[in-house]
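Here the structure comes first, spelled out in structure tokens, and everything after it is commentary.
The values are calculated or read from the model by the stated rules, or taken from the named source; none is laboratory data. Here the structure is a predicted model, which means the values were calculated and not measured. All Cβ positions, glycine included, derive from the backbone under ideal geometry; neighbour counts span all protein chains shown. Accessible surface areas use protein heavy atoms only, side chains included; no ligands, DNA or RNA. Shrake-Rupley method; radii C 1.70, N 1.55, O 1.52, S 1.80 Å.
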Amino acid sequence: MGFLDKALGKTKEVLGENADKVGQAIDKAGDMIDQKTQGKYSSTVDKVQDAAKNYVESNRTDKGDEPS
């Protein structure tokens, strides 16, 4: 296993262990972008937020299984 593989594994582990906090950060970042752009890209921001939250949720480790 190379350095990048180990780093990716560790990143997924940290994301999985802190899924709630990461989800809140995703929401705050999206809200800030909406505010700065005056909602011009709101639908795109919402799609990106949903995709990011789905990724974090799929790697969540406290739901009883290991991340994929």
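Some points to look at:
- Residue 40 vs. criteria open to solvent by 60 Å² or more (accessible area, probe 1.4 Å), in a loop (DSSP other than H, G, I, E, B) and of a type outside the set (A, V, I, L, M): yes
- Pairs where the first residue, in the range 38-52, is modelled with pLDDT under 95 and the second is in a helix (DSSP H, G or I), C-beta under 7 Å, 6+ apart: 52/26
- Here is the figure for the range 1-37: residues that are at pLDDT 90 or above, β-branched (Val, Ile, Thr) and assigned to a helix (DSSP H, G or I) total 3.
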